[in-house]
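Have a look at the structure below before the remarks.
Any read-out appearing in this document is the output of simple, stated calculations on the displayed coordinates, not a laboratory observation. Predicted, not measured: the structure shown is a model, and the values here were computed from it. Virtual Cβ from ideal backbone geometry, glycine too; neighbours counted across all protein chains shown.
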Amino acid sequence: MENVKIIGCGYAHGSKCVTNDDLGKIVETSDEWIRSRTGIEQRTVSETMNTSDLAIQAAKMAIEKSGIDKHKISLILVATCTPDHVTPSCACLVQEALGLNDDAVMAFDINAACSGFLYALQCAAKLLDQGVALVIGAETLSKILDWSDRNTCVLFGDGAGAVLMERSQDGSYMSFYARSKGDKEHALFCDGRSLQPHLKNVDDPKPYLHMNGREVFRFAIRSMPDAIEHVLGKESIDSIDMIIPHQANIRILEYVSRKLGFPMEKMFINLDRFGNTSAASVPLALGQAWEQKKIKENMNLILVGFGAGFTWSACRIHIEGGNHHDDQ
Ligand code: COA
């Protein structure tokens, strides 16, 4: 358990809205198939902004909403599996764009696929001493999708979410659970660059995302309840006011809801509008819930995710009064 609290949230998403019908024009699919199998109605795709640009937009919104002096930021973590560059990290690009290059800041990226933001939140909670941590999940998955593969291109979108976290003295706290399990079957997988490409006389194949949907589905419905049960410990699910889950598929969430006896109405869901934005999915949903003033004082919520690796993670958040700097 860490005595930390979130003091501001922000989000960003791709500029172009792509509906299921739009996808039906480029691959053999239909609005009915996508909607009934996943709950997704549209997603946003970024045409000009790279991952760091979305991250910066979300970070600026979080800073503005919280009203903090940005120079209090001492740690920047960006969870992403679609960084702008192999190096430098998106986190360093965010630092520069926010004008924090002269501040005492540690900045780095984390890749734990769709669980990345929850991993980053846990790392920030452990690393943060004085000051404020800026924790971001940001992705431009559109650049690693094979837009002729209907198995994958209908599921994902581009976006970012950012939170500001500081040490709490008011009783607010967060507790975490995170696990991983190497998957040599590559159920969810995107190739990187080949070893020693200079020795080969062929171009690298394009690194597109591949997925065994049924295998991932099976993993998701085991791992999400597992992570939630671990952060609950002996506590009843009835004490949780809201779950903000990784936005992969409505059927996965309905299964989790049934398994845990947790009502769907208390899950915050925006996958119908944004699809699966991987590491951005949980903070994008959190940012919207925060903006809609659904995150209230004296509330208990759980963030939960799963992803390639395999990785899975949850965070239980207790909020004491007085967290909304932007409401004061
Ligand atoms: N449109 C139409 N048909 C499609 C399609 C699409 N976009 N994508 C796949 N299909 C076809 C497949 O080719 C397959 O056809 P076949 O049976 O002739 O081989 C068939 O639909 C598969 O159907 P079904 O098994 O009923 O699909 P499903 O109920 O397993 O749903 C997923 C498929 C991908 C939606 C589901 O498995 C899933 O959500 N998995 C988890 C994915 C996920 O969460 N990934 C991200 C993790 S972070």
Quiz item: Considering only the other residues whose Cβ falls under 14 Å of the Cβ of Ala138, what net charge follows from Lys and Arg at +1 and Asp and Glu at -1?
Solution: -3
Quiz item: Dipole of the chain (Lys/Arg Cβ +1, Asp/Glu Cβ -1, origin at the Cα centre): which of Cys153, Val216, Val132 lies farthest to the positive side?
Solution: Val216
Quiz item: When we measure straight from the Cα of Lys266, which aspartates and glutamates land under 14 angstrom away, once same-chain ones fewer than 8 places off are left out?
Solution: Asp238, Asp241, Glu254
Quiz item: Where nothing but the Cβ of Lys and Arg (+1) and of Asp and Glu (-1) is charged, how large is the charge dipole of region 196-312 around its Cα centre, in debye to the nearest 20?
Solution: 220 debye
Practice problem: Calculate the tail of P(r) for the chain: the fraction of all Cα-Cα distances greater than 26 Å, expressed in %. | Solution: 43 percent
Quiz prompt | Ranked packing of 71-84, 238-251, 31-44, most packed first, by mean Cβ within 10 Å | solution = 71-84, 238-251, 31-44
Quiz item: Fully extended, how many nm does the chain gain between Arg251 and Arg37 (0.36 nm per residue separation, minus their Cα-Cα distance)?
Solution: 76.3 nm
Quiz prompt | Translational diffusion coefficient (Stokes-Einstein; Kirkwood radius from C-alpha pairs) of region 134-285 at 10 °C, 1.306 mPa s, in µm²/s | solution = 89 µm²/s
Self-check item: Local electrostatic count at Leu128 - Lys and Arg +1, Asp and Glu -1, tallied over other residues with Cβ under 13 Å
Solution: +1
Practice problem: Pick out, from Thr29, Leu75, Thr87, the residue whose Cα sits farthest towards the positive end of the charge dipole of the chain, with +1 on the Cβ of Lys and Arg and -1 on the Cβ of Asp and Glu. | Solution: Thr29
Quiz item: Got the relative contact order for the chain handy, in percent, Cα pairs under 8 Å and 6 or more residues apart?
Solution: 27 percent
Quiz item: What is the sum of charges around Ser278, taking Lys and Arg as +1, Asp and Glu as -1, for the other residues whose C-beta is under 10 Å from the C-beta of Ser278?
Solution: -2
Practice problem: Let me know the shape class of region 92-178, please: from the alpha-carbon gyration tensor, a ≥ b ≥ c as square roots of the eigenvalues, rounded when a/c is under 1.5, otherwise prolate if a/b is greater than b/c, or oblate. | Solution: oblate
Quiz item: Can you give the charge dipole size of the chain about its Cα centre, rounded to the nearest 20 debye, using +1 on the beta carbon of Lys and Arg and -1 on the beta carbon of Asp and Glu?
Solution: 740 debye
Quiz item: Going down the list Lys143/Lys296; Lys60/Lys206; Lys184/Lys294; Lys72/Lys181; Lys72/Lys143; Lys234/Lys296, which pairs span over 31 Å between their C-alpha atoms?
Solution: Lys143/Lys296; Lys60/Lys206; Lys184/Lys294; Lys72/Lys181; Lys72/Lys143
